[in-house]
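The values are calculated or read from the model by the stated rules, or taken from the named source; none is laboratory data. On a predicted model such as this, the values are computed, not experimentally measured, just so you know. All Cβ positions, glycine included, derive from the backbone under ideal geometry; neighbour counts span all protein chains shown. Only protein heavy atoms, including side chains, enter the accessible area calculation; ligands, DNA and RNA are left aside. Shrake-Rupley method; radii C 1.70, N 1.55, O 1.52, S 1.80 Å.
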Amino acid sequence: MLDRELIRTQPEAVKAGIARKRLDTSIVDEFSRVDTEYRKVRTENDEARAESNRFSKSIGQLMAQGKREEAEEAKAKSKALKDAATDGEERERELEAALRRIELEMPNLPHESVPDGKTEDENVVVRTWGEQPVFSEAPQAHWDIAERLSLLDLPRGAKISGSGFAVYTGAGARLQRALFTFMIDHQTLRNGYREIYPPYLVNRASLVGTGNLPKFEDDLYKADEDLYLIPTAEVPLTNLYRDEILDASDLTIKLAGYSGCFRKEAGAAGKDTRGLLRIHQFDKVELVKFSLPENSYEELESLTADAEGVLQALGLHYRVIEICTGDIGAKGSKQYDVEVWSPGVGRYLEISSCSNFEAYQSRRANIRFRRAQGDKPEHVHILNGSGLATPRLFSAILESFQQPDGSVLLPEALRPYVGFERLGG
RNA sequence: GGAGAGGUCGCAUAGUGGUCUAGUGCGCCGCACUCGAAAUGCGGUGAGGCGCAAGUCUCCGAGGGUUCGAAUCCCUCCCUCUCCGCCA
């Protein structure tokens, strides 16, 4: 959600921002139309209510003074006003709901520093770390390595759940479990995040708060009337402080949570279907920050660095790209993706997406802070990023550290967690 | 799942149809007293909307209803606590 005052006073600037994202700007005009009407009706109704309240209050006093006749008169007047106001109130509720719908649909604006561009082709590589490992023979893809070493059982995953569900087996399961324990330790012990273990099912209000609803209903698994499986721990972590006013001295709040993640991937059917490239259930350590507005861009840089730190600790080559305005999506103000090199697949794969949402989510979720006693509450800036997602980390490790003898030599940092140094061989 | 109790302004409580524009205590802020502090006294102290402002409207878990008027009465739902049943 954007600041209503901003849309009212600078509609052209809002349109310009939406246009940079290559999204439909007509929603701004729609907002103005409904907002103007809403304020008019609201003011009329407020005045009618005020008048009716005045009569109502006088009734009590007149009764106390024993002026029964005058009281009856006031009663009749008040009722007439009330009846007249009923239509207006219905109209008010309709307009309020319409305004809310528009606000929830209106995209966030890109930060001025975000490079302009139409599609992902215009994203900008801002840095790379490490180098592509060199192999004497063509490196195998992780699905081949995993099958050869019995680390994954994809056919049985398809049998028990359907395509896109992975079963990790034996040493593969052990590695998988080691990965998220290692990452949680890294983010909490080294980078100072507070560990959170969240529920996997959340209510609708939480998904509206982060911006997954109403727009992305199709990608969510729904478990019950008002209960959805989380597509990422971002949802429960961000909503931890929904409808709360935080103390400025507690900011920046840094949370790290491990969770399973569930996504229908409705729009991506048939894409990246092999191995662990795109699956319906995966595991991830998510980082969420609640920041003072003036610090949020600094916090985005360090958040991205915290995500990168995991790859550095494991010695995996990666690059960081800055997402251009046309590819950034509706929610973000600025976004970096961290892409790990997957030598077997032969591509850089997104393993973390770090975003600053500014106040877009905090307005939806009503998360505010107070600078000092007596000050008006302001909306916090909220940021998040994966730190990191395990399937692509799992696959990058297999592919990057495969040995000529067919085994996989695990990075030093991981060995205490896994309990052995080599897969296979 | 069943039975009972309960959800009020940061916390604790009062309020069972009409000065409730929600009282009181604690906490917090300001002022006074003081060399300073404590104690004490006085005043203030929620959020949101509309409005240039004066002001006004909404919010007592959520939503609906009765009434001229609801924290208060009725209905539905949510949550918390106690007991029972079931259960990892």
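The residues of the stretch A:46-80 that are among the polar types (S, T, N, Q) and open to solvent by 80 Å² or more (accessible area, probe 1.4 Å), listed by number, are A:N53, A:Q61, A:Q65.
Out of curiosity, is A:G60 near RNA strand B (Cβ under 9 Å from one of its atoms), among the small types (G, A, S) and either part of a helix (DSSP H, G or I) or over 30 Å from A:F357 (Cα atoms) (or both)? So A:G60 passes the test.
So that you can scan it fast, the table gives a plain yes or no per residue for (1) without any contact (Cβ under 8 Å) to a residue 12 or more places away in the chain; (2) small (G, A, S); (3) surrounded by 14 or more Cβ atoms within 10 Å (Cβ to Cβ):
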position: A:R127; (1), (2), (3): no, no, no
position: A:L151; (1), (2), (3): no, no, yes
position: A:G164; (1), (2), (3): no, yes, yes
position: A:G192; (1), (2), (3): no, yes, no
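All of (1) under 24 Å from A:A396 (Cβ atoms); (2) of a type in the set (D, E, K, R); (3) free of Cβ contacts under 8 Å to residues at least 40 places away in the same chain hold for A:E286 with one exception: (3). Has the stretch A:307-320 got at least one residue that is more than 21 Å from the chain's Cα centre (by Cα), modelled with pLDDT of 95 or more and among the basic types (K, R)? There is at least one residue in the stretch A:307-320 that is more than 21 Å from the chain's Cα centre (by Cα), modelled with pLDDT of 95 or more and among the basic types (K, R). Taking (1) crowded, with 16+ Cβ neighbours inside 10 Å; (2) within 9 Å of RNA strand B (Cβ to nearest atom) in turn, A:N108 satisfies each apart from (2). Can you name the residue in the stretch A:22-45 that is more than 9 Å from RNA strand B (Cβ to nearest atom) and in contact with a Leu (Cβ under 8 Å, 6 or more places away or on another chain) and is also most open to solvent (accessible area, probe 1.4 Å) among such residues? Of everything passing the filter in the stretch A:22-45, A:E37 is most open to solvent (accessible area, probe 1.4 Å).
Looking across the stretch A:364-413 at every residue that is in a strand (DSSP E or B) and closer than 21 Å to A:L154 by Cβ, the one that is farthest from RNA strand B (Cβ to nearest atom) is identified as A:Q402.
In this structure, A:Y417 qualifies as modelled with pLDDT of 95 or more, open to solvent by 20 Å² or more (accessible area, probe 1.4 Å) and part of a helix (DSSP H, G or I).
Reported count of residues in the stretch A:81-101, each being open to solvent by less than 60 Å² (accessible area, probe 1.4 Å) and either more than 31 Å from the chain's Cα centre (by Cα) or in the same structural domain as A:Y348 (by TED's automatic domain parsing) (or both), is 5. Taking the stretch A:296-307 as the region of interest, how many residues are touching a residue at least 60 places away in the same chain (Cβ under 8 Å) and open to solvent by 10 Å² or more (accessible area, probe 1.4 Å)? Of the residues in the stretch A:296-307, 3 are touching a residue at least 60 places away in the same chain (Cβ under 8 Å) and open to solvent by 10 Å² or more (accessible area, probe 1.4 Å). The set of residues from the stretch A:318-338 being over 20 Å from A:R20 (Cβ atoms) and crowded, with 20+ Cβ neighbours inside 10 Å comprises A:Y318, A:V320, A:V338. Within the stretch A:92-121, residues that are more than 24 Å from A:S32 (Cα to Cα) have Cβ atoms under 6 Å from residues that are of a type in the set (D, E) and not in a helix (DSSP H, G or I) in these pairs: A:E120/A:D327, counting only partners at least 6 apart in sequence or on another chain.
Only residues that are under 23 Å from A:H379 (Cα atoms) and assigned to a loop (DSSP other than H, G, I, E, B) were counted across the stretch A:238-285, and they come to 6.
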